[in-house]
Amino acid sequence: MPEWTQLIRDVPDFPKPGVVFKDIMPVLGEASAFAAAIEAMARPWQGVPIDAVLAIEARGFLLGAPLARTLGVGLVPLRKPGKLPGATLEQSYALEYGSDALVVQAGALAPGKRVLLVDDVLATGGTLLAARALAQQLGAQIAGASVLMELTFLNGRARWTDAAPLHAALVV
Ligand code: AMP
């Protein structure tokens, strides 16, 4: 196992009882681990035609920005409601209790651009599917999705029916 994977910390019962939160902040806090993690996320996409990273608020920003720089492409943030000025597009999605939404600035990308969706953790897959739907509202083509870590027991990958690849740098 690469050294960076050892730095992901399990926090039981956060943010609520029964959830084991995967805390990636120690990885980001150590220069060599951070670099290795971004390199592991970037590797499968080197040479793949991608125009922009679409990074999911909030931890997706921390990984999406260096990943976009590594791949030599721009970044478009997918934000929580109420954060972005001007005309926006919105995609809501169900949570265990209630719902949430992702928002992007209308016209953030010209139609037909190839995008890579980026987040920290793939759990049930709901967030990534909402990001994909929002990218489609923008008229983007999905080049793929990249997460630092996939939690296989939640089976989010089964919901990723897209032909484009979904890559996880660490699968547990
Ligand atoms: P899901 O939509 O269920 O795939 O959840 C993925 C989103 O929720 C990502 O943006 C993660 O940041 C966050 N998330 C879900 N489960 C966890 C977990 N166990 N540890 C850390 N983040 C999580």
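So Leu116 clears everything in (1) surrounded by fewer than 20 Cβ atoms within 10 Å (Cβ to Cβ); (2) in contact with a Phe, Trp or Tyr (Cβ under 7 Å, 6 or more places away or on another chain) except one condition, right? Which one?
Every condition holds for Leu116 apart from (1).
Which condition breaks for Ala52 when tested against (1) loosely packed, with under 13 Cβ neighbours inside 10 Å; (2) in contact (Cβ under 8 Å) with a residue 40 or more places away in the chain; (3) among the small types (Gly, Ala, Ser)?
All conditions are met except number (1).
Got at least one residue in region 136-153 being of a type in the set (A, V, I, L, M) and in a helix (DSSP H, G or I)?
No: zero hits.
Only one of Gln105, Gln91, Gln46 is of a type outside the set (Asp, Glu) and in contact (Cβ under 8 Å) with a residue 40 or more places away in the chain. Can you tell me which?
Matching residue, one of Gln105, Gln91, Gln46: Gln91.
Would it be correct to say that Pro2 is modelled with pLDDT under 95, closer than 18 Å to Val121 by Cα and not acidic (Asp, Glu)?
yes
Does region 154-168 contain at least one residue that is at pLDDT 95 or above, more than 13 Å from the ligand (Cβ to nearest atom) and touching a helix residue (DSSP H, G or I) at 6+ places or on another chain (Cβ under 6 Å)?
Yes - at least one qualifying residue is present in region 154-168.
Would you mention how many residues in region 154-172 are touching a residue at least 12 places away in the same chain (Cβ under 8 Å) and either of a type in the set (A, V, I, L, M, F, W, C) or in a strand (DSSP E or B) (or both)?
Qualifying residue count for the region: 11.
Which one is nearest to Gln136 (Cα to Cα), of the residues in region 45-98 that are modelled with pLDDT under 95 and among the small types (Gly, Ala, Ser)?
Per the criteria, the residue is Ala94.
Here are Leu134, Leu109, Leu138: which of them is within 16 Å of the ligand (Cβ to nearest atom) and touching a strand residue (DSSP E or B) at 6+ places or on another chain (Cβ under 9 Å)? Please lay out each step first, then the result.
Working: Leu109 fails: within 16 Å of the ligand (Cβ to nearest atom); Leu138 fails: within 16 Å of the ligand (Cβ to nearest atom).
That would be Leu134, the only listed residue that is within 16 Å of the ligand (Cβ to nearest atom) and touching a strand residue (DSSP E or B) at 6+ places or on another chain (Cβ under 9 Å).
Quick check on Glu96: is it among the acidic types (Asp, Glu), surrounded by fewer than 21 Cβ atoms within 10 Å (Cβ to Cβ) and within 15 Å of the ligand (Cβ to nearest atom)?
yes
Give me a count of the residues in region 15-65 that are touching a helix residue (DSSP H, G or I) at 6+ places or on another chain (Cβ under 7 Å), within 16 Å of the ligand (Cβ to nearest atom) and under 23 Å from Val115 (Cα atoms).
Qualifying residue count for the region: 8.
Among Ala130, Ala158, which is more than 24 Å from Glu39 (Cα to Cα) and buried (at least 19 other Cβ atoms within 10 Å of the Cβ)?
That would be Ala130, the only listed residue that is more than 24 Å from Glu39 (Cα to Cα) and buried (at least 19 other Cβ atoms within 10 Å of the Cβ).
The values are calculated or read from the model by the stated rules, or taken from the named source; none is laboratory data. Computed from a predicted model, the values in this text were never measured in an experiment. Glycine gets a Cβ as well: all are built from the backbone with ideal geometry, and neighbour counts include every protein chain shown.
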